[in-house]
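Reading through the structure tokens given below for one structure.
The values are calculated or read from the model by the stated rules, or taken from the named source; none is laboratory data. Predicted model, so just to flag it, every value in this text is computed and none were measured. All Cβ positions, glycine included, derive from the backbone under ideal geometry; neighbour counts span all protein chains shown.
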Amino acid sequence: MMEFIFGRLTWSSLPHEWFTIGGTIAMSGMMISAIALVTYLKRWKWLWREWLTTVDPKKIGIMYVIVASLMLFRGGLDAGMIWLQQAISVGSSHGYLNADHFQQIFTAHGVIMVFFVTMGFLFGLLNFIVPLQIGARDLASPFLNTLGFWLYVAGAILINLFFVFGGEFAATGWLAIAPLSELQYSPGVGVDFWIWSLQVSGLGTLLGGINFIMTIIKKRAPGMTMSRLPLFTWTSLFGMILVVSIFPILTATITLLSLDRLLGFHFFTTDMGGNAMMYTNLIWMWGHPEVYILILPSFGIYSEVITTFSQKKVAGYTSMVLAGALIAFIAMLVWLHHFFTMGSGADVNAFFGISTAFIAIPSGVQIFNWISSMYKGKIRYEVPMYWFLGFAILFMIGGTAGVLLSVPSADFQLHNSLFLVAHFHTMIIGGALFGIFAGITYWFPKVTGFKLHERLGQYAFWCWLVGFIVSFTPLYILGSMGAARRLDHYDVSTGWQPLFILAGFGFLIILTGAMLHVVQIAVSIMQREKLKDTTGDPWNGRTLEWSTASPPPFYNFALVPRVTSRDAFWEMKKNEKIIENPKYEDIEMPKNTALGIYVAAFVFLIGFGMVWHLFWLVAIGFIGGIVCVIIRTFDEDTEYVVTAEQVKKMEGGRKIYG
Amino acid sequence: MDKEKLHHEDEKTDIVKFGFWIYLMTDLLMFAVLFAAYAVLRDNNFGGITIREIFNPPFVLGETLLLLTSSFTCGLAIVFANQENKKMVVSFLTLTLILGLGFLSMEFSEFAKLFGEGQTPQRSAFLSSFFTLTGTHGLHIIVGCFWIIVMLAKIVRSGLSVGTARKLTLFSLFWHFLDIVWIFIFTIVYLMGGLS
């Protein structure tokens with residue numbers, strides 16, 4: 001009976017080690033102060049009505065970015081702990097972490113940075129910008145959007161909950177490679193926390209992917225043909241096509257893993273005919289395209305930034321789109337390069353080696369087009385451009401390292417070394433994250449109505465760039481010297497320690513950069529009157545998002561824009577296509593709903609119950625979730641009308657292009 | 001309903017249908033993983049039962065015919081829904097439900113028989129993948145049956161609204177999709193396994 005009620009939970013699952021107690025105190029401290037603050041300001045109703053239950057993609061986008069920023073510091077803390085351990089754990093000193101704990105930290109670091117930081121930032125930017133760029137008032141399914149966001153939050157909570165319950169995370173690496181992740185070798189709840197936080201947030205990602213494809217294909221303004229789509233929307237579309245192509249593989253694969261763990265099936269076990277290499281294959285069929293999901297939208301951001309700050313149209317629009325499509329397509333044909341040493345034979349390795357190297361071609365097309373777009377432009381060096389130039393340098397280095405690794409014979413030497421770690425950090429930080437920072441700086445005035453502080457942004461950029469180089473160049477060298485990744489201890493005779501210490505020093509510079517972002521935002525808020533954007537078009541932009549006010553009204557566009565060319569807003573400005581005496585019409589907008597939160601909460605219960613074998617909780621979550629979905633599907637009163645009068649009042653005589 | 005409202009509903013149906021197609025494709029990819037796992041593991045029976053011993057041609061053919069017929073009755077329900085013939089929609093949906101439940105009970109009896117002989121998914125990797133693939137399809141059918149029941153309740157109570165008709169269309173897509181997946185299970189798991 002006790003086992004039925006409490007499952008695997010016992011007293012010893014509660015925090016009793018320094019890091020679990022610390023984590024629990026930190027998280028509850030944050031929660032209590034947040035609750036106290038909202039109560040003190042008497043903003044509960046406002047918070048619930050205006051934010052938590054909203055279906056406005058702009059607000060959901062802001063919430064995505066806030067959660068992702070919090071998780072960035074959470075994952076950054078892990079990174080700092082890894083570096084500290086590696087800097088001091090040499091010879092007779094074994095550092096301050098034991099091997100098992102160290103493994104849990106690098107696993108959590110990878111999972112958090114990929115799933116909850118980069119993906120969160122991307123969905124945040126997509127939510128805010130894509131509907132504006134295509135001249136839509138909303139996403140195709142507002143409900144799926146709020147549900148997807150709350151599932152992402154539920155996953156983020158679940159992955160941090162191991163501090164409070166259980167005290168252990170997976171010690172398997174971010175992909176939980178089998179058979180290490182099987183019950184036999186990882187009997188605790190760590191891997192289950194990994195599985196269910198990914199299942200929950202992965203479902204949210206999949207719903208988001210479906211929703212954005214629907215939106216981009218079906219909700220474009222009249223005249224916004226596919227060949228006129230802004231490049232950020234194009235690359236987002238490719239990213240989302242990848243999402244719906246590969247997230248089902250993740251869902252299925254980790255479902256099979258949990259069947260092994262929970263019910264004793266034999267998919268990836270070492271005995272009874274299971275095949276562990278099948279897990280490696282399946283998880284990388286998802287894992288490799290995943291990193292292209294991270295980087296493709298950033299490519300689009302660079303295109304937007306360069307064209308705006310060079311005051312020129314993009315060079316080779318068609319080739320940019322084709323290159324994006326090609327990258328997305330080949331992304332699905334390279335997964336085996338993660339395990340050339342598996343022994344698939346020379347022919348198979350050669351195929352995947354060549355397909356991997358081939359990705360350099362469309363990537364190169366993009367780089368050349370960006371540089372050509374700047375050529376003879378009136379370039380303004382503002383912060384988003386800094387991020388692009390930093391990216392261009394790092395991406396060259398990381399890309400070259402990638403092509404080197406694509407050669408199977410070289411990979412045999414370098415795989416699982418710090419060289420590889422340096423390579424993919426160059427791509428994800430220098431490629432994806434720099435793009436996200438460029439995008440946030442670029443669209444910040446659109447979101448809030450005022451620009452970010454210029455000088456502080458430059459300082460943050462230089463800290464990130466220099467810090468990155470100081471931190472990761474040693475890893476390229478160490479990897480070539482034979483240092484394996486995920487190393488918690490090494491011998492003095494290797495002579496690696498100075499390089500590890502240098503890398504740790506670089507981390508501190510990056511940390512300074514991250515802190516400068518916080519300072520930058522705080523200072524910008526204080527100086528918001530001075531930095532104010534009254535026109536809605538602070539950078540002299542080219543695409544439709546700049547044609548509305550900053551911040552945009554909740555309905556985005558008072559009149560749906562009529563698009564006649566690429567760079568639609570640029571053309572409207574050039575030809576002074578201003579609508580005199582606009583005739584406003586009634587607008588139908590979706591009503592807010594709390595059902596997204598409720599469904600996500602029930603799914604969270606399923607995940608938590610599955611981790612701890614609390615099957616009654618799973619049943620509650622399951623039934624509750626289904627009931628909520630049925631209520632939603634039969635609710636035919638989900639929209640309300642904003643009258644023409646109200647729209648006119650809100651616009652207040654603003655110039656309307658069209 | 002005025003013309004503008006009708007146009008709005010049409011547009012919504014169009015978008016929802018498109019989204020549902022994408023969902024179906026993602027579900028298909030999930031099945032693709034299960035098929036791949038089955039293809040890799042199907043000979044790893046580890047001394048346990050093989051697919052040849054499980055395969056009972058008339059029985060599986062019976063299951064297949066039940067499902068195919070249910071797809072036909074589901075199609076008829078749609079035809080009558082377009083004619084706004086509520087009574088016939090209810091009868092054909094009920095018939096579809098009965099056929100679906102018939103399929104489920106046959107599958108259940110097959111599983112029960114195997115479990116009774118000690119041939120559980122824990123017995124070998126082959127059985128793990130066999131039960132997971134066919135069981136996942138079965139779970140989808142259960143979801144479909146549940147969906148029919150909810151829709152029947154709705155139609156009986158408040159008739160064929162635009163919203164309900166839209167859900168009926170989505171359901172028929174879902175049901176035909178499951179039929180197609182079953183055809184692949186029938187071919188790849190049963191026929192290719194049993195006759196090899």
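Restricting to segment A:563-586, name every residue that is among the β-branched types (Val, Ile, Thr) and part of a loop (DSSP other than H, G, I, E, B). Show your work before the answer.
Step one: list which residues in segment A:563-586 are among the β-branched types (Val, Ile, Thr), which gives A:563-564, A:578-579.
Listed by number, the residues that qualify are A:Val563, A:Thr564, A:Ile579.
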* Asked: With respect to A:Phe169, is the statement that it is touching a Leu at 6+ places or on another chain (Cβ under 8 Å) and surrounded by 24 or more Cβ atoms within 10 Å (Cβ to Cβ) true?
  -> no
* Pairs under 6 Å by beta carbon, first residue closer than 16 Å to A:Trp83 by Cβ in segment A:467-495, partner among the aromatic types (Phe, Trp, Tyr) and crowded, with 17+ Cβ neighbours inside 10 Å, six or more apart or different chains? -> A:Ser471/A:Phe507; A:Tyr476/A:Phe419; A:Leu478/A:Trp496; A:Gly479/A:Phe419; A:Ala483/A:Trp496; A:Arg486/A:Phe106; A:Asp488/A:Phe102; A:Tyr490/A:Trp496
* To do: Within segment A:315-364, track down each residue that is outside any helix (DSSP H, G or I) and on the phi < 0 side of the Ramachandran plot.
  => A:Ala315, A:Met332, A:Leu333, A:Val334, A:Ser344, A:Ile359
* To do: Name the single residue, out of those in segment A:263-284 being more than 7 Å from every other protein chain (Cβ to nearest Cβ) and outside any helix (DSSP H, G or I), that is nearest to A:Phe123 (Cα to Cα).
  => A:Phe268
* Asked: Quick one: in segment A:200-220, which of the residues that are more than 10 Å from chain B (Cβ to nearest Cβ) and over 16 Å from the mean Cα position of the chain (by Cα) is farthest from B:Ile22 (Cα to Cα)?
  -> A:Arg220
* **The lone exception for A:Thr235 - which of (1) at the interface with chain B (Cβ under 9 Å from one of its Cβ atoms); (2) assigned to a helix (DSSP H, G or I); (3) surrounded by 23 or more Cβ atoms within 10 Å (Cβ to Cβ) it fails** => (1)
* Which members of segment A:519-532 meet the condition of being surrounded by fewer than 13 Cβ atoms within 10 Å (Cβ to Cβ) and not in a loop (DSSP other than H, G, I, E, B)? -> A:Ala522, A:Met526
* To do: Please give the number of the condition B:Leu160 fails out of (1) within 20 Å of A:Pro248 (Cα to Cα); (2) more than 9 Å from chain A (Cβ to nearest Cβ).
  => (1)
* Could you tell me which numbered condition A:Thr225 fails, if it satisfies all but one of (1) over 20 Å from the mean Cα position of the chain (by Cα); (2) of a type in the set (Ser, Thr, Tyr); (3) closer than 27 Å to B:Val40 by Cβ? => (3)
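Which of the following residues is out of contact with any Asp or Glu (no Cβ under 8 Å at 6 or more places or on another chain), touching a residue at least 12 places away in the same chain (Cβ under 8 Å), under 20 Å from A:Leu433 (Cα atoms) and part of a helix (DSSP H, G or I): A:Phe500, A:Phe461, A:Phe505? Step through it out loud before you land on a result.
Details: A:Phe500 fails: under 20 Å from A:Leu433 (Cα atoms); A:Phe505 fails: under 20 Å from A:Leu433 (Cα atoms).
Criteria check complete, one pass: A:Phe461.
Mind telling me which of the residues A:Gly76, A:Gly95, A:Gly80 ends up being in contact with a helix residue (DSSP H, G or I) (Cβ under 8 Å, 6 or more places away or on another chain), part of a loop (DSSP other than H, G, I, E, B) and surrounded by fewer than 23 Cβ atoms within 10 Å (Cβ to Cβ)? Please lay out each step first, then the result.
On the way: A:Gly76 fails: part of a loop (DSSP other than H, G, I, E, B); A:Gly80 fails: part of a loop (DSSP other than H, G, I, E, B).
Being in contact with a helix residue (DSSP H, G or I) (Cβ under 8 Å, 6 or more places away or on another chain), part of a loop (DSSP other than H, G, I, E, B) and surrounded by fewer than 23 Cβ atoms within 10 Å (Cβ to Cβ) holds for just one of A:Gly76, A:Gly95, A:Gly80, which is A:Gly95.
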* Return the only residue of A:Asp260, A:Asp192 being in a helix (DSSP H, G or I), charged (D, E, K, R) and under 27 Å from the mean Cα position of the chain (by Cα). => A:Asp192
* Structure fact -> Scanning segment B:37-59 for residues that are under 16 Å from B:Ile183 (Cβ atoms) and at pLDDT 95 or above gives B:Tyr38
* To do: Would you be able to tell me the number of residues in segment A:249-262 that are more than 7 Å from chain B (Cβ to nearest Cβ) and of a type in the set (A, V, I, L, M, F, W, C)?
  => 4
* Qualifying residues in segment A:566-611 (those that are touching an Asp or Glu at 6+ places or on another chain (Cβ under 8 Å) and hydrophobic (A, V, I, L, M, F, W, C)) - the one surrounded by the most Cβ atoms within 10 Å (Cβ to Cβ) -> A:Val611
* Search segment B:36-49 for residues being buried (at least 17 other Cβ atoms within 10 Å of the Cβ) and more than 8 Å from chain A (Cβ to nearest Cβ), and hand back the single one that is nearest to A:Ala140 (Cα to Cα). => B:Tyr38
* Any chance segment A:163-184 includes a residue that's assigned to a helix (DSSP H, G or I), more than 14 Å from every other protein chain (Cβ to nearest Cβ) and among the hydrophobic types (A, V, I, L, M, F, W, C)? -> yes
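When segment B:132-150 is examined, which residues are found to be of a type in the set (A, V, I, L, M) and either touching a residue at least 60 places away in the same chain (Cβ under 8 Å) or more than 10 Å from every other protein chain (Cβ to nearest Cβ) (or both)? Let's see the steps before the verdict.
Pass one, segment B:132-150, residues of a type in the set (A, V, I, L, M): B:133, B:139, B:141-143, B:148-150.
B:Leu133, B:Leu139, B:Ile141, B:Ile142, B:Ile148, B:Ile149 - these are the residues of segment B:132-150 that are of a type in the set (A, V, I, L, M) and either touching a residue at least 60 places away in the same chain (Cβ under 8 Å) or more than 10 Å from every other protein chain (Cβ to nearest Cβ) (or both).
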* Structure fact -> Of the conditions (1) within 14 Å of chain A (Cβ to nearest Cβ); (2) over 16 Å from the mean Cα position of the chain (by Cα), the single one that B:Phe59 does not satisfy is (1)
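Could you grab me the full set of residues in segment B:1-15 that are within 8 Å of chain A (Cβ to nearest Cβ) and either within 20 Å of A:Leu237 (Cα to Cα) or of a type in the set (A, V, I, L, M, F, W, C) (or both)? First the steps, then the outcome.
Of the residues in segment B:1-15, the ones within 8 Å of chain A (Cβ to nearest Cβ) are B:8, B:14-15.
Of everything in segment B:1-15, those that are within 8 Å of chain A (Cβ to nearest Cβ) and either within 20 Å of A:Leu237 (Cα to Cα) or of a type in the set (A, V, I, L, M, F, W, C) (or both) turn out to be B:Asp14, B:Ile15.
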* Asked: For the subset of segment B:16-35 comprising residues that are crowded, with 17+ Cβ neighbours inside 10 Å and more than 30 Å from B:Tyr190 (Cβ to Cβ), which member is farthest from the other protein chains (Cβ to nearest Cβ)?
  -> B:Val16
* Hey, any hits in segment A:444-452 for a residue that's assigned to a helix (DSSP H, G or I), surrounded by 21 or more Cβ atoms within 10 Å (Cβ to Cβ) and of a type in the set (S, T, N, Q)? -> no
* **Residue pairs meeting the criteria (Cβ under 6 Å; at least 6 apart or on separate chains; first farther than 15 Å from A:Gly223 by Cα and among the acidic types (Asp, Glu), in segment A:555-566; second in a loop (DSSP other than H, G, I, E, B) and at pLDDT below 95)** => none
